[in-house]
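Presented below is the structure to which this report refers.
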Amino acid sequence: MAKQTVKGDPEVRQRIMDAAARLFHSHGYNATGMNELISEADVAKRTFYKYFNSKTAVLKAYLEAFDEKLYQSADDYIDGIADPKEQLFCLFDKRLKIQECNGFLGCPFVKINAELGINDAEINELVRKSKSRLKALIEKLIKSANASGKLDDEELASLVFLLIEGALINSTIFKNEEALKIAKRLVAKLL
C-alpha cells in the first residue's frame with residue numbers, strides 16, 4: 001500500500017486526521033459523510049483533497065497512525081516495569097484506560113473491519129497487521145515470563161490475546177471495565 005505524501009501544513013493534515021478519528025470511531029466510517037468530515041476538520045473541500053484523495057485515504061492514514069500511537073504508548077506504559085508478568089498485566093490496564101478515555105467505544109480496528117474488512121483487502125490487512133502486532137507483543141512477554149503449566153508459550157499467548165480481544169468487545173457492549181478486570185485476573189491465575 002502506497003502512503004500518500006503531501007507537502008503542506010502538518011497541523012492541517014493532523015486536524016483532518018483528528019476529525020476522522022472522532023467521527024469514524026464514534027459514528028462509524030459508513031455513517032460519516034465527506035461533508036461532515038470536512039466540516040468537523042474545519043477545512044475547505046479543496047484543502048481536504050490537497051492532503052487526502054478520498055475518505056478511504058484518510059481512514060487508512062488514521063488507522064496507521066492509531067496503530068503506531070497505540071503500540072508506542074503501550075511500550076511507554078510497560079517500559080519502566082522489569083517483570084514480564086507485570087508488563088503483561090499492564091497491557092490489560094492500558095486497554096482499560098483507553099476504553100475509559102474514549103467512552104467505551106471499542107477497538108477502531110474491530111469496528112472498521114466489521115464495516116469494510118470483508119470487501120476491502122487493504123483495510124483487512126491493516127486490521128490483521130495491528131492484531132498480529134498485539135499477539136506478537138503478548139508472545140514476547142509470555143516467553144520472557146517463563147510461565148509453566150499445561151499450556152506452552154504459544155498456546156498461552158493465544159489465550160491471553162483472545163481474552164484481551166474478547167474483553168474489549170464485552171467492555172464496549174456493556175460500557176464498563178468488568179470484563180477486562182476479569183480477564184486480567186484469569187491471566188494472573190494462569191501465570
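Every number here is computed from the coordinates shown, using simple stated rules; none is lab data. Values in this document were obtained by computation on a predicted structure and should not be read as measured data. Cβ placement follows ideal geometry from the backbone for every residue including glycine, while neighbour counts extend to all protein chains displayed.
Data overview
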read-out: Backbone N under 15 Å from the LYS175 label point (7 Å along Cα→Cβ), restricted to segment 8-36; value: 26-27
read-out: Segment LEU159-GLU36, extension gain: residue separation times 0.36 nm, minus the distance between their alpha carbons; value: 40.3 nm
read-out: Length gained when the stretch GLN72-GLU86 is fully extended (0.36 nm per residue, less Cα-Cα span); value: 3.3 nm
read-out: THR56, THR47 arranged by Cβ crowding within 10 Å, fewest neighbours leading; value: THR56, THR47
read-out: Sites matching trypsin sites (Lys or Arg not before Pro) across segment 120-191 that sit in DSSP coil, with at most 14 neighbouring C-beta atoms within 10 Å; value: LYS150, LYS175
read-out: Overall Cα dimensions of segment 87-134 - principal axes, largest extent first, Å; value: 34, 23, 9
read-out: Square roots of five times the Cα gyration tensor eigenvalues for segment 62-190, Å; value: 24, 17, 15
read-out: Whole-Hz couplings from phi, Karplus 6.51/-1.76/1.60, listed for segment 45-51; x for Gly and Pro; value: 4, 4, 5, 4, 6, 5, 9
read-out: LEU190-GLU122 pseudo-label distance in nm [points 7 Å out on the Cα-to-Cβ vector]; value: 3.6
read-out: Too-long pairs where the Cα-Cα distance tops 25 Å, listed order kept, from LYS111/LYS184; LYS60/LYS140; LYS131/LYS181; value: LYS60/LYS140
